[in-house]
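Okay, so here's the structure we're looking at.
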Amino acid sequence: LLLAVCAVGIGGTFQYGYNVSIINAPTQHIHKFLNETWSSRYQKELNPDLLTFLWSVIASIFSLGGLCGALIGGSMAIRLGRKGALLMNNVIAILASILMGISFPTGLFELLIAGRFLIGINSGVGLCVQPLYIGEFAPKHLRGGLAMGTSIFLTGGILTGQIIGLRELLGGEKHWPLLLSSSCIPALAQLLFLPWFPESPRYLLIDRGDELSCAKALKRFHGASEYRREMEDIQRERFALDGEKPKKPWQLFTDRGVRWQLITVIVMTMGQQLSGINAIYFYATYVFEQAGIMAEKIPYVTLGTGVCECLTALSCVRNNYVGRRCLIIGGYLLMTLWCTVLTFSLTYQELYSWVPYMSMACVFAFILSFGLGPGGITNTLTAELFVQSSRPAAYMIAGTVSWISFFTVGMLFPFIVNGLKQYCFVVFLLECFFVAAFIFLIIPETKNKSFLEIKKEFHKLNFGRNA
(Lines give C-alpha, C1' and ligand atoms only; values in the text may rest on other atoms or scores of the structure.)
Protein backbone atom coordinates (compact mmCIF):
# COMPACT_ATOMS: atom_id res chain seq x y z
CA LEU A 1 0.00 0.00 0.00
CA LEU A 2 2.79 2.41 0.91
CA LEU A 3 4.71 1.67 -2.29
CA ALA A 4 1.52 2.18 -4.31
CA VAL A 5 0.97 5.61 -2.70
CA CYS A 6 4.56 6.55 -3.61
CA ALA A 7 4.20 5.33 -7.20
CA VAL A 8 0.94 7.28 -7.58
CA GLY A 9 2.17 10.43 -5.81
CA ILE A 10 5.47 10.96 -7.66
CA GLY A 11 3.70 11.72 -10.93
CA GLY A 12 0.53 13.12 -9.36
CA THR A 13 0.35 15.93 -6.80
CA PHE A 14 4.18 16.08 -6.65
CA GLN A 15 4.06 17.54 -10.18
CA TYR A 16 1.58 20.21 -9.08
CA GLY A 17 3.66 21.32 -6.09
CA TYR A 18 6.90 21.17 -8.07
CA ASN A 19 5.63 23.23 -11.00
CA VAL A 20 3.98 25.84 -8.77
CA SER A 21 7.31 26.24 -6.97
CA ILE A 22 9.95 26.25 -9.74
CA ILE A 23 8.50 29.14 -11.75
CA ASN A 24 9.53 31.66 -9.04
CA ALA A 25 13.32 31.15 -9.23
CA PRO A 26 13.96 32.01 -12.92
CA THR A 27 11.67 35.07 -13.07
CA GLN A 28 14.46 37.55 -13.91
CA HIS A 29 16.10 35.14 -16.38
CA ILE A 30 12.80 34.63 -18.24
CA HIS A 31 12.34 38.43 -18.40
CA LYS A 32 15.80 38.71 -19.99
CA PHE A 33 14.97 35.87 -22.42
CA LEU A 34 11.75 37.62 -23.47
CA ASN A 35 13.58 40.92 -24.02
CA GLU A 36 16.38 39.32 -26.05
CA THR A 37 14.01 37.21 -28.14
CA TRP A 38 11.81 40.20 -28.93
CA SER A 39 14.81 42.38 -29.88
CA SER A 40 16.24 39.64 -32.10
CA ARG A 41 12.91 38.97 -33.80
CA TYR A 42 11.60 42.52 -34.33
CA GLN A 43 14.79 44.66 -33.99
CA LYS A 44 13.24 46.80 -31.26
CA GLU A 45 12.97 46.83 -27.49
CA LEU A 46 10.09 45.02 -25.79
CA ASN A 47 7.60 47.44 -24.27
CA PRO A 48 7.62 47.13 -20.41
CA ASP A 49 3.82 46.75 -20.33
CA LEU A 50 3.97 43.99 -22.95
CA LEU A 51 6.79 42.31 -20.98
CA THR A 52 4.59 42.31 -17.89
CA PHE A 53 1.70 40.91 -19.93
CA LEU A 54 3.84 38.08 -21.43
CA TRP A 55 5.22 37.16 -18.01
CA SER A 56 1.68 37.16 -16.56
CA VAL A 57 0.58 34.81 -19.36
CA ILE A 58 3.51 32.44 -18.69
CA ALA A 59 2.75 32.40 -14.95
CA SER A 60 -1.06 32.23 -15.11
CA ILE A 61 -1.53 29.90 -18.11
CA PHE A 62 -0.65 27.12 -15.69
CA SER A 63 -3.95 27.77 -13.86
CA LEU A 64 -5.92 27.66 -17.12
CA GLY A 65 -4.27 24.34 -17.98
CA GLY A 66 -5.08 23.06 -14.50
CA LEU A 67 -8.74 23.96 -14.99
CA CYS A 68 -8.80 22.06 -18.31
CA GLY A 69 -7.11 19.10 -16.60
CA ALA A 70 -9.71 19.08 -13.84
CA LEU A 71 -12.50 19.10 -16.43
CA ILE A 72 -11.12 16.06 -18.29
CA GLY A 73 -9.62 14.19 -15.31
CA GLY A 74 -12.86 12.52 -14.22
CA SER A 75 -13.70 11.38 -17.75
CA MET A 76 -10.19 9.97 -18.17
CA ALA A 77 -10.55 8.07 -14.89
CA ILE A 78 -13.83 6.52 -16.09
CA ARG A 79 -12.68 5.60 -19.62
CA LEU A 80 -9.06 4.60 -18.99
CA GLY A 81 -9.32 3.58 -15.34
CA ARG A 82 -7.62 5.40 -12.44
CA LYS A 83 -4.22 3.85 -13.15
CA GLY A 84 -4.57 4.23 -16.93
CA ALA A 85 -5.45 7.92 -16.60
CA LEU A 86 -2.35 8.59 -14.49
CA LEU A 87 -0.09 6.73 -16.93
CA MET A 88 -1.50 8.63 -19.93
CA ASN A 89 -1.13 11.88 -17.99
CA ASN A 90 2.65 11.43 -17.93
CA VAL A 91 2.77 11.68 -21.73
CA ILE A 92 1.40 15.24 -21.36
CA ALA A 93 4.09 16.05 -18.74
CA ILE A 94 6.92 14.76 -20.95
CA LEU A 95 5.66 16.75 -23.97
CA ALA A 96 5.40 19.87 -21.76
CA SER A 97 8.97 19.37 -20.51
CA ILE A 98 10.31 19.07 -24.05
CA LEU A 99 8.55 22.26 -25.15
CA MET A 100 9.81 24.26 -22.15
CA GLY A 101 13.33 22.85 -22.51
CA ILE A 102 13.74 23.79 -26.19
CA SER A 103 12.10 27.24 -25.88
CA PHE A 104 15.40 28.96 -25.01
CA PRO A 105 17.72 27.38 -27.64
CA THR A 106 15.09 27.89 -30.37
CA GLY A 107 14.26 31.44 -29.25
CA LEU A 108 10.52 30.70 -29.19
CA PHE A 109 8.89 31.96 -25.99
CA GLU A 110 5.57 30.65 -27.39
CA LEU A 111 6.85 27.13 -26.64
CA LEU A 112 7.33 28.16 -23.00
CA ILE A 113 3.70 29.31 -22.85
CA ALA A 114 2.49 26.07 -24.49
CA GLY A 115 4.63 23.98 -22.13
CA ARG A 116 3.27 25.75 -19.04
CA PHE A 117 -0.27 25.20 -20.31
CA LEU A 118 0.36 21.46 -20.85
CA ILE A 119 2.03 20.99 -17.46
CA GLY A 120 -1.02 22.74 -15.98
CA ILE A 121 -3.25 20.13 -17.64
CA ASN A 122 -1.01 17.41 -16.19
CA SER A 123 -1.33 18.92 -12.70
CA GLY A 124 -5.11 19.29 -13.03
CA VAL A 125 -5.54 15.64 -14.01
CA GLY A 126 -3.16 14.49 -11.27
CA LEU A 127 -4.98 16.47 -8.56
CA CYS A 128 -8.24 14.89 -9.69
CA VAL A 129 -7.23 11.26 -10.25
CA GLN A 130 -4.56 10.64 -7.60
CA PRO A 131 -6.78 11.07 -4.49
CA LEU A 132 -9.55 9.19 -6.33
CA TYR A 133 -7.26 6.17 -6.93
CA ILE A 134 -5.76 6.16 -3.41
CA GLY A 135 -9.17 6.58 -1.75
CA GLU A 136 -10.49 3.56 -3.66
CA PHE A 137 -7.67 1.06 -3.02
CA ALA A 138 -7.08 2.00 0.65
CA PRO A 139 -8.84 -0.06 3.37
CA LYS A 140 -11.24 2.11 5.34
CA HIS A 141 -9.21 1.97 8.59
CA LEU A 142 -6.13 3.29 6.72
CA ARG A 143 -7.91 5.51 4.20
CA GLY A 144 -7.20 8.77 6.02
CA GLY A 145 -3.50 8.05 6.54
CA LEU A 146 -2.89 6.82 2.99
CA ALA A 147 -4.91 9.65 1.45
CA MET A 148 -2.51 12.07 3.17
CA GLY A 149 -0.03 10.87 0.54
CA THR A 150 -1.73 13.45 -1.70
CA SER A 151 -0.69 16.25 0.66
CA ILE A 152 2.75 14.78 1.42
CA PHE A 153 3.72 14.61 -2.24
CA LEU A 154 2.24 18.04 -2.96
CA THR A 155 4.26 19.70 -0.18
CA GLY A 156 7.24 17.54 -1.09
CA GLY A 157 6.98 18.88 -4.64
CA ILE A 158 6.93 22.48 -3.38
CA LEU A 159 9.99 21.88 -1.17
CA THR A 160 11.89 20.05 -3.93
CA GLY A 161 11.14 22.89 -6.34
CA GLN A 162 12.42 25.44 -3.80
CA ILE A 163 15.66 23.47 -3.37
CA ILE A 164 16.28 22.74 -7.06
CA GLY A 165 15.46 26.38 -7.86
CA LEU A 166 18.31 27.75 -5.73
CA ARG A 167 20.84 29.69 -7.82
CA GLU A 168 23.58 27.21 -6.85
CA LEU A 169 21.61 24.39 -8.51
CA LEU A 170 19.29 24.98 -11.49
CA GLY A 171 18.01 28.46 -10.60
CA GLY A 172 20.96 30.23 -12.25
CA GLU A 173 20.92 32.02 -15.60
CA LYS A 174 22.50 29.16 -17.54
CA HIS A 175 20.33 26.32 -16.25
CA TRP A 176 16.80 27.70 -15.97
CA PRO A 177 15.54 25.84 -19.11
CA LEU A 178 16.73 22.61 -17.46
CA LEU A 179 14.85 23.61 -14.30
CA LEU A 180 11.56 24.01 -16.17
CA SER A 181 12.03 20.81 -18.18
CA SER A 182 13.01 18.76 -15.10
CA SER A 183 9.32 17.91 -14.51
CA CYS A 184 9.83 15.05 -16.98
CA ILE A 185 11.80 13.16 -14.28
CA PRO A 186 8.77 12.51 -11.97
CA ALA A 187 6.73 11.59 -15.06
CA LEU A 188 9.32 9.03 -16.19
CA ALA A 189 9.55 7.68 -12.64
CA GLN A 190 5.79 7.06 -12.55
CA LEU A 191 5.84 5.42 -15.98
CA LEU A 192 8.53 3.09 -14.63
CA PHE A 193 6.93 2.16 -11.28
CA LEU A 194 3.12 2.51 -11.54
CA PRO A 195 2.58 -0.35 -14.08
CA TRP A 196 3.66 -2.81 -11.35
CA PHE A 197 0.53 -2.00 -9.30
CA PRO A 198 -3.09 -3.09 -9.96
CA GLU A 199 -5.99 -0.94 -11.09
CA SER A 200 -8.44 0.35 -8.45
CA PRO A 201 -10.42 -2.68 -7.11
CA ARG A 202 -13.62 -0.63 -6.83
CA TYR A 203 -13.30 0.52 -10.43
CA LEU A 204 -12.69 -3.05 -11.61
CA LEU A 205 -15.76 -4.50 -9.86
CA ILE A 206 -18.31 -1.67 -9.81
CA ASP A 207 -17.53 0.03 -13.14
CA ARG A 208 -16.16 -2.90 -15.15
CA GLY A 209 -17.89 -5.84 -13.45
CA ASP A 210 -14.60 -7.78 -13.40
CA GLU A 211 -14.80 -9.76 -10.16
CA LEU A 212 -11.70 -11.89 -10.81
CA SER A 213 -9.41 -8.88 -11.47
CA CYS A 214 -10.89 -7.11 -8.44
CA ALA A 215 -10.04 -10.07 -6.19
CA LYS A 216 -6.48 -10.20 -7.58
CA ALA A 217 -6.04 -6.47 -7.00
CA LEU A 218 -7.34 -6.70 -3.44
CA LYS A 219 -4.96 -9.58 -2.67
CA ARG A 220 -2.07 -7.45 -3.92
CA PHE A 221 -3.12 -4.40 -1.92
CA HIS A 222 -4.45 -6.00 1.28
CA GLY A 223 -2.95 -9.47 1.43
CA ALA A 224 -4.53 -12.90 0.89
CA SER A 225 -5.89 -13.08 4.47
CA GLU A 226 -7.51 -9.63 4.64
CA TYR A 227 -8.94 -9.03 1.19
CA ARG A 228 -12.32 -10.74 1.75
CA ARG A 229 -13.57 -8.04 4.13
CA GLU A 230 -12.85 -5.32 1.56
CA MET A 231 -14.40 -7.46 -1.18
CA GLU A 232 -17.64 -7.72 0.80
CA ASP A 233 -17.68 -3.94 1.34
CA ILE A 234 -17.26 -3.32 -2.41
CA GLN A 235 -19.97 -5.91 -3.18
CA ARG A 236 -22.40 -4.13 -0.83
CA GLU A 237 -21.71 -0.80 -2.56
CA ARG A 238 -22.15 -2.46 -5.96
CA PHE A 239 -25.55 -3.92 -4.99
CA ALA A 240 -26.65 -0.59 -3.47
CA LEU A 241 -25.81 1.22 -6.72
CA ASP A 242 -27.75 -1.43 -8.66
CA GLY A 243 -25.93 -0.93 -11.96
CA GLU A 244 -25.97 2.88 -11.76
CA LYS A 245 -23.60 4.36 -14.35
CA PRO A 246 -20.97 6.99 -13.50
CA LYS A 247 -22.66 10.39 -13.32
CA LYS A 248 -21.77 13.54 -15.19
CA PRO A 249 -20.85 16.64 -13.14
CA TRP A 250 -24.06 18.50 -14.08
CA GLN A 251 -26.14 15.52 -12.89
CA LEU A 252 -24.81 15.97 -9.33
CA PHE A 253 -26.26 19.50 -9.20
CA THR A 254 -29.77 18.10 -9.82
CA ASP A 255 -29.41 15.06 -7.53
CA ARG A 256 -30.97 15.80 -4.14
CA GLY A 257 -29.27 12.73 -2.65
CA VAL A 258 -25.83 14.41 -2.85
CA ARG A 259 -26.89 18.03 -2.33
CA TRP A 260 -25.13 18.64 1.00
CA GLN A 261 -22.10 16.55 0.04
CA LEU A 262 -21.67 18.78 -3.00
CA ILE A 263 -22.13 21.99 -1.00
CA THR A 264 -19.59 20.70 1.52
CA VAL A 265 -16.96 19.95 -1.16
CA ILE A 266 -17.43 23.38 -2.80
CA VAL A 267 -17.17 25.23 0.54
CA MET A 268 -14.09 23.25 1.63
CA THR A 269 -12.34 23.61 -1.73
CA MET A 270 -12.97 27.35 -1.91
CA GLY A 271 -12.00 27.64 1.75
CA GLN A 272 -8.69 25.93 1.08
CA GLN A 273 -7.75 28.35 -1.73
CA LEU A 274 -9.16 31.52 -0.09
CA SER A 275 -7.80 30.79 3.39
CA GLY A 276 -4.95 33.31 3.18
CA ILE A 277 -2.12 30.83 2.54
CA ASN A 278 -1.17 32.85 -0.57
CA ALA A 279 -1.17 36.06 1.48
CA ILE A 280 1.17 34.46 4.00
CA TYR A 281 3.66 33.55 1.28
CA PHE A 282 3.33 37.04 -0.22
CA TYR A 283 4.11 38.71 3.12
CA ALA A 284 6.83 36.21 4.11
CA THR A 285 9.66 38.09 2.34
CA TYR A 286 8.62 41.39 3.95
CA VAL A 287 8.35 39.79 7.39
CA PHE A 288 11.79 38.15 7.06
CA GLU A 289 13.34 41.48 5.96
CA GLN A 290 11.83 43.26 8.96
CA ALA A 291 13.29 40.57 11.22
CA GLY A 292 16.75 41.60 9.98
CA ILE A 293 17.46 38.75 7.56
CA MET A 294 19.63 39.82 4.61
CA ALA A 295 17.93 39.79 1.20
CA GLU A 296 20.32 37.22 -0.30
CA LYS A 297 19.59 34.84 2.60
CA ILE A 298 15.80 35.05 2.34
CA PRO A 299 15.45 32.24 -0.29
CA TYR A 300 17.12 29.88 2.19
CA VAL A 301 14.84 30.99 5.04
CA THR A 302 11.86 30.53 2.70
CA LEU A 303 12.88 26.88 2.46
CA GLY A 304 11.77 26.70 6.09
CA THR A 305 8.17 27.33 4.98
CA GLY A 306 8.41 24.34 2.62
CA VAL A 307 9.90 22.19 5.38
CA CYS A 308 7.03 23.29 7.68
CA GLU A 309 4.40 22.12 5.19
CA CYS A 310 6.18 18.80 4.63
CA LEU A 311 6.56 18.06 8.35
CA THR A 312 2.92 18.92 9.01
CA ALA A 313 1.72 16.66 6.20
CA LEU A 314 3.84 13.81 7.55
CA SER A 315 2.64 14.33 11.13
CA CYS A 316 -0.96 14.56 9.90
CA VAL A 317 -0.74 10.89 8.83
CA ARG A 318 -0.46 10.02 12.50
CA ASN A 319 -2.87 12.71 13.71
CA ASN A 320 -5.51 11.40 11.28
CA TYR A 321 -6.37 8.87 13.96
CA VAL A 322 -8.12 11.64 15.94
CA GLY A 323 -10.59 12.07 13.06
CA ARG A 324 -10.92 14.19 9.92
CA ARG A 325 -13.53 16.52 11.41
CA CYS A 326 -11.41 17.42 14.43
CA LEU A 327 -8.30 18.06 12.32
CA ILE A 328 -9.91 20.31 9.75
CA ILE A 329 -11.93 22.36 12.27
CA GLY A 330 -8.84 22.71 14.48
CA GLY A 331 -6.72 23.75 11.50
CA TYR A 332 -9.12 26.51 10.43
CA LEU A 333 -9.55 27.82 14.00
CA LEU A 334 -5.79 27.99 14.49
CA MET A 335 -5.46 29.82 11.16
CA THR A 336 -8.10 32.30 12.42
CA LEU A 337 -5.99 32.87 15.54
CA TRP A 338 -2.72 33.41 13.62
CA CYS A 339 -4.42 35.79 11.18
CA THR A 340 -5.54 37.88 14.16
CA VAL A 341 -2.09 37.90 15.77
CA LEU A 342 -0.34 38.64 12.45
CA THR A 343 -2.65 41.60 11.76
CA PHE A 344 -1.67 43.15 15.09
CA SER A 345 2.04 42.36 14.74
CA LEU A 346 2.25 43.82 11.20
CA THR A 347 0.37 46.93 12.37
CA TYR A 348 2.80 47.54 15.26
CA GLN A 349 5.90 46.20 13.45
CA GLU A 350 7.92 49.38 14.04
CA LEU A 351 7.10 49.94 17.73
CA TYR A 352 9.09 47.19 19.43
CA SER A 353 12.17 45.26 18.30
CA TRP A 354 10.62 41.89 19.19
CA VAL A 355 7.43 42.33 17.13
CA PRO A 356 9.03 41.32 13.76
CA TYR A 357 10.07 38.01 15.32
CA MET A 358 6.47 37.43 16.45
CA SER A 359 5.35 38.07 12.83
CA MET A 360 7.94 35.55 11.65
CA ALA A 361 6.65 32.97 14.14
CA CYS A 362 3.07 33.62 12.94
CA VAL A 363 4.08 32.88 9.33
CA PHE A 364 5.40 29.45 10.28
CA ALA A 365 2.50 28.77 12.69
CA PHE A 366 -0.08 29.61 10.00
CA ILE A 367 1.59 27.28 7.48
CA LEU A 368 1.72 24.48 10.08
CA SER A 369 -1.98 24.99 10.89
CA PHE A 370 -2.90 24.93 7.18
CA GLY A 371 -1.06 21.64 6.72
CA LEU A 372 -2.68 20.19 9.84
CA GLY A 373 -6.18 20.14 8.36
CA PRO A 374 -7.23 22.22 5.32
CA GLY A 375 -4.14 21.37 3.28
CA GLY A 376 -4.40 17.60 3.67
CA ILE A 377 -7.90 16.57 4.74
CA THR A 378 -9.89 18.35 2.01
CA ASN A 379 -9.01 15.85 -0.75
CA THR A 380 -9.56 12.92 1.63
CA LEU A 381 -13.08 14.06 2.46
CA THR A 382 -13.95 14.55 -1.22
CA ALA A 383 -13.24 10.84 -1.79
CA GLU A 384 -15.23 9.78 1.29
CA LEU A 385 -18.41 11.82 0.82
CA PHE A 386 -19.45 10.19 -2.46
CA VAL A 387 -20.15 6.63 -3.64
CA GLN A 388 -18.53 5.13 -6.74
CA SER A 389 -20.96 6.46 -9.35
CA SER A 390 -20.65 10.08 -8.15
CA ARG A 391 -16.98 10.22 -7.09
CA PRO A 392 -15.25 11.06 -10.44
CA ALA A 393 -17.80 13.81 -11.17
CA ALA A 394 -17.34 15.18 -7.63
CA TYR A 395 -13.58 15.40 -8.18
CA MET A 396 -14.15 17.19 -11.49
CA ILE A 397 -16.35 19.77 -9.73
CA ALA A 398 -13.91 20.12 -6.80
CA GLY A 399 -10.98 20.51 -9.20
CA THR A 400 -12.82 23.11 -11.27
CA VAL A 401 -13.75 25.13 -8.16
CA SER A 402 -10.16 24.83 -6.87
CA TRP A 403 -8.53 26.07 -10.08
CA ILE A 404 -11.05 28.90 -10.57
CA SER A 405 -10.46 29.98 -6.96
CA PHE A 406 -6.68 29.69 -7.49
CA PHE A 407 -6.91 31.89 -10.60
CA THR A 408 -9.25 34.39 -8.89
CA VAL A 409 -6.92 34.74 -5.91
CA GLY A 410 -4.00 35.31 -8.28
CA MET A 411 -5.91 38.06 -10.10
CA LEU A 412 -7.54 39.84 -7.13
CA PHE A 413 -4.93 39.28 -4.44
CA PRO A 414 -2.58 42.18 -5.42
CA PHE A 415 -5.53 44.60 -5.31
CA ILE A 416 -6.66 43.26 -1.91
CA VAL A 417 -3.15 43.66 -0.48
CA ASN A 418 -2.65 47.13 -1.99
CA GLY A 419 -6.03 48.29 -0.73
CA LEU A 420 -6.08 46.77 2.77
CA LYS A 421 -2.32 46.31 3.45
CA GLN A 422 -1.88 44.14 6.56
CA TYR A 423 -5.63 44.33 7.26
CA CYS A 424 -6.18 41.90 4.37
CA PHE A 425 -5.78 39.19 7.01
CA VAL A 426 -9.07 40.32 8.59
CA VAL A 427 -10.80 39.08 5.41
CA PHE A 428 -8.98 35.75 5.63
CA LEU A 429 -9.65 35.22 9.35
CA LEU A 430 -13.39 35.74 8.77
CA GLU A 431 -13.28 33.22 5.89
CA CYS A 432 -11.40 30.65 8.03
CA PHE A 433 -13.86 31.07 10.91
CA PHE A 434 -16.87 30.69 8.57
CA VAL A 435 -15.51 27.45 7.07
CA ALA A 436 -14.75 26.04 10.54
CA ALA A 437 -18.31 26.84 11.67
CA PHE A 438 -19.79 25.26 8.52
CA ILE A 439 -17.82 22.03 9.01
CA PHE A 440 -18.76 21.92 12.72
CA LEU A 441 -22.47 22.25 11.92
CA ILE A 442 -22.70 20.10 8.77
CA ILE A 443 -20.02 17.44 8.33
CA PRO A 444 -20.21 14.18 10.30
CA GLU A 445 -17.07 12.25 11.24
CA THR A 446 -16.05 9.89 8.41
CA LYS A 447 -13.20 8.04 10.09
CA ASN A 448 -13.46 4.20 9.87
CA LYS A 449 -16.80 4.40 8.04
CA SER A 450 -17.64 2.81 4.70
CA PHE A 451 -18.82 4.98 1.80
CA LEU A 452 -22.38 3.66 2.26
CA GLU A 453 -22.36 4.51 5.98
CA ILE A 454 -21.23 8.07 5.21
CA LYS A 455 -23.99 8.35 2.59
CA LYS A 456 -26.56 7.38 5.25
CA GLU A 457 -25.19 10.11 7.57
CA PHE A 458 -26.01 12.73 4.92
CA HIS A 459 -29.41 11.23 4.09
CA LYS A 460 -31.14 13.17 6.91
CA LEU A 461 -29.62 16.45 5.74
CA ASN A 462 -30.56 15.87 2.12
CA PHE A 463 -34.12 14.63 2.68
CA GLY A 464 -35.07 15.96 6.12
CA ARG A 465 -35.21 14.35 9.56
CA ASN A 466 -38.35 12.34 8.81
CA ALA A 467 -36.98 10.78 5.59
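Given contacts defined as C-alpha pairs under 8 Å and at least six residues apart, what's the relative contact order of the stretch 1-197, whole-number percent? Show your work: numbers first, answer last.
Working: 307 pairs, mean separation 81.4, N = 197.
Relative contact order here is 41 percent.
Starting from the Cα gyration tensor of the chain, take the square roots of the eigenvalues, sort them a ≥ b ≥ c, and report rounded, prolate or oblate (rounded when a/c is under 1.5, otherwise prolate if a/b is larger than b/c, else oblate).
Numbers: a/c = 1.93, a/b = 1.34, b/c = 1.45.
In terms of gyration-tensor shape, oblate.
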Roughly how many whole Å is it from the C-alpha centroid of the stretch 162-217 to that of the stretch 73-126?
-> 12 Å
Only Lys, Arg, Asp and Glu count, each charged at its Cβ (+1, +1, -1, -1), so figure out the dipole size of the stretch 147-306 about its Cα centre, rounded to 20 debye.
-> 260 debye
Between 0 and 90°, nearest 10: helix 259-273 axis offset from the chain longest Cα axis = 20 degrees
Heavy-atom accessible area of residue 140 with all protein chains present, probe 1.4 Å, nearest 10 Å²?
-> 70 Å²
Per Stokes-Einstein, at 10 °C and 1.306 mPa s, what whole-number D in µm² s⁻¹ belongs to the stretch 244-466, with the Kirkwood radius over Cα pairs as the hydrodynamic radius?
-> 85 µm²/s
Accessible area, 1.4 Å probe, largest first: how do 445, 168 sort?
-> 168, 445
Percent of accessible area on the chain owned by carbon and sulfur, 1.4 Å probe?
-> 67 percent
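Using Cα pairs under 8 angstrom and six or more residues apart, how large is the relative contact order of the chain, in percent?
Working: 722 pairs, mean separation 105.0, N = 467.
With pairs under 8 Å counted, the relative contact order is 22 percent.
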Treating the angle as unsigned and between 0 and 90°, give the value, to the nearest 10°, between the Cα long axis of helix 48-79 and the longest Cα principal axis of the chain.
-> 10 degrees
Rounded to the nearest 10 degrees, what's the angle between the helix 451-463 long axis and the longest principal axis of the chain, both from Cα atoms, 0 to 90?
-> 80 degrees
Hey, which of these cross-link pairs are over 30 Å Cα-Cα: 245/447; 32/297; 219/460; 83/248; 216/247; 216/460?
-> 219/460; 216/460
Provide the FRET efficiency to the nearest 0.05 for the residue 462-residue 307 pair, computing r from the beta carbons and using R0 = 56 Å.
-> 0.85
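Stretch residue 225-residue 27 to full length: gain in nm at 0.36 nm per residue minus the Cα-Cα span?
Values: separation 198, 0.36 × 198 = 71.28 nm, distance 5.42 nm.
Extra length from residue 225 to residue 27 when fully extended: 65.9 nm.
Give me the number: length gained by fully extending residue 453 to residue 289, i.e. 0.36 nm times residue separation minus the C-alpha to C-alpha distance, one decimal in nm.
Details: separation 164, 0.36 × 164 = 59.04 nm, distance 5.14 nm.
Answer, rounded to one decimal: 53.9 nm.
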Mind checking the per residue accessible area of the chain for me, 1.4 Å probe, whole number of Å²?
-> 43 Å²
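The values are calculated or read from the model by the stated rules, or taken from the named source; none is laboratory data. The structure displayed is predicted, hence computed values, not measured ones. So basically every Cβ, Gly included, is an ideal-geometry build from the backbone, and we count neighbours across all protein chains shown. To get the accessible areas, we keep the full protein, side chains included, count just its heavy atoms, and leave off ligands, DNA and RNA. Shrake-Rupley method; radii C 1.70, N 1.55, O 1.52, S 1.80 Å.
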